[in-house]
1. Any idea which of VAL136, ASN23, ALA110 is furthest toward the positive side of the dipole for region 2-167, if Lys and Arg beta-carbons carry +1 and Asp and Glu beta-carbons -1?
2. Can you give the charge dipole size of region 57-146 about its Cα centre, rounded to the nearest 20 debye, using +1 on the beta carbon of Lys and Arg and -1 on the beta carbon of Asp and Glu?
3. What do you get for the angle between helix 222-232 and the principal long axis of the chain? Use alpha-carbon atoms, 0 to 90 degrees, nearest ten.
4. Once you've got the GNM for the chain with C-alpha springs shorter than 10 Å, pick whichever of VAL136, VAL180, VAL151 has the biggest mean-square fluctuation.
5. So, counting K/R as plus one and D/E as minus one, what does the shell of residues with Cβ under 15 Å around ASN169 add up to?
6. If we count trypsin sites (Lys or Arg not before Pro) as exposed when they sit in a DSSP loop and have at most 16 other beta carbons within 10 Å, what is the longest stretch of the chain that avoids them all?
7. Quote the FRET efficiency, to the nearest 0.05, computed for LEU111 versus ASP72 with a Förster distance R0 of 30 Å and r equal to the Cβ-Cβ distance.
8. Please give the residues of region 240-277, grouped as numeric ranges, whose backbone N is less than 15 Å from a label point set 7 Å along the Cα-to-Cβ vector of GLU304.
Amino acid sequence: MVASVSTVAYLGLEARAVEVQCNLVAGLPKFVVVGLPDKAVAESRERVRAAMAAIGLALPPKHIVLNLSPADLPKEGSHFDLPIALALLAAMGVVDAETIAGYVVVGELALDGRIAPSPGVLLAAMHAGETGKGLVCPAAQGPEASWAGQVEVLAAPDLIALLNHFKGNQMLPGPVPGEVDPPGQGPDLAQVKGQETAKRALEIAAAGGHNLLFVGPPGAGKSLMAACLPGILPPLEAAEALEVSMVASVAGTLQGGRLTRTRPFRSPHHSASMAALTGGGLKVKPGEVSLAHLGVLFLDELPEFHSIMDQRGPRL
Ligand SMILES: Nc1ncnc2c1ncn2[C@@H]1O[C@H](COP(=O)(O)OP(=O)(O)O)[C@@H](O)[C@H]1O
Ligand SMILES: [Mg+2]
């Protein structure tokens, strides 16, 4: 029988729908994952096998084929473990395929069956909301997922707790949205002596959302005043806070699902590489520019930064 479970693949700040299909056919016992899995996804076979053994289930002695559809979309990350395990359990008849069809599933499995966090849960929750489904995610990320609003979130600590919930033996408690962090403690503009023109420029830039360039002798207080900027910016609106958190969620820096109302302040060193600044890579990761979204990108010692031409040209 073929069973399928919905999950997502992360592409930058986008979550694309992925369906995990599992087919059990008679033949030599084998367990294969197809559909452009990367190394972490291909290795999920071993984690799924161990996690199922930990809850007392053996893999059926059949030819097990798991397909991640659409097959031409690269699948990266460890969050495919749980949907793979659930598709397999549904194909084995352990869980009801119709019940899990109503959920988008993300989570990494530990060898003992625990469900471990993986970056990007907020995006998966928003995607689940858009497609009218619920979300199954790691217990540690329940508070983060609940920020998505009207989405049923099943935040399970381990595989056995999730199976008990689906069987109706013991229901999982609904997660509470993470707390909102109090505004951060940056330097205060009031502690800057004099420099009235520069302070006024700072206030105008903060009020209008303008770019600002400080030029002056060393020790004049340029870096200090730039660091004061987040303190005088208005706090993030609720929708903005969610947007900033989505970037942090993809970068994996959202601690304990806590949303922050403070605007980000990123101050990359001038020797940072272009990839660190702009992000990218095969598994698209946000760089400093994206992490500063709706906040401040502070380029201290601006002339020291390499230009794009420096970095592109041949290094002799
Ligand atoms: N107008 C000022 N009021 C208070 N402290 C100042 C002022 N100007 C400079 N400082 C202090 O002097 C030090 C050097 O300032 P900094 O901001 O690093 O200067 P710059 O970046 O212009 O070289 C900092 O510790 C800062 O606290
Ligand atoms: Mg300075």
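1. Farthest towards the positive pole: ASN23.
2. The dipole of region 57-146 has a size of about 140 debye.
3. For 222-232 against the chain, the angle is about 60 degrees.
4. With Cα springs under 10 Å in the chain, the top fluctuation among VAL136, VAL180, VAL151 is at VAL180.
5. Value of the local net charge: -1.
6. 1-192
7. 0.45
8. Residues passing the 15 Å test: 267-273.
All of the numbers you see were taken from the coordinates with simple rules; none came from a lab. Remember, predicted model here, so these are calculated numbers, not experimental data. FYI the Cβ positions are ideal-geometry reconstructions off the backbone, even for glycines, and counts take in every protein chain you see.
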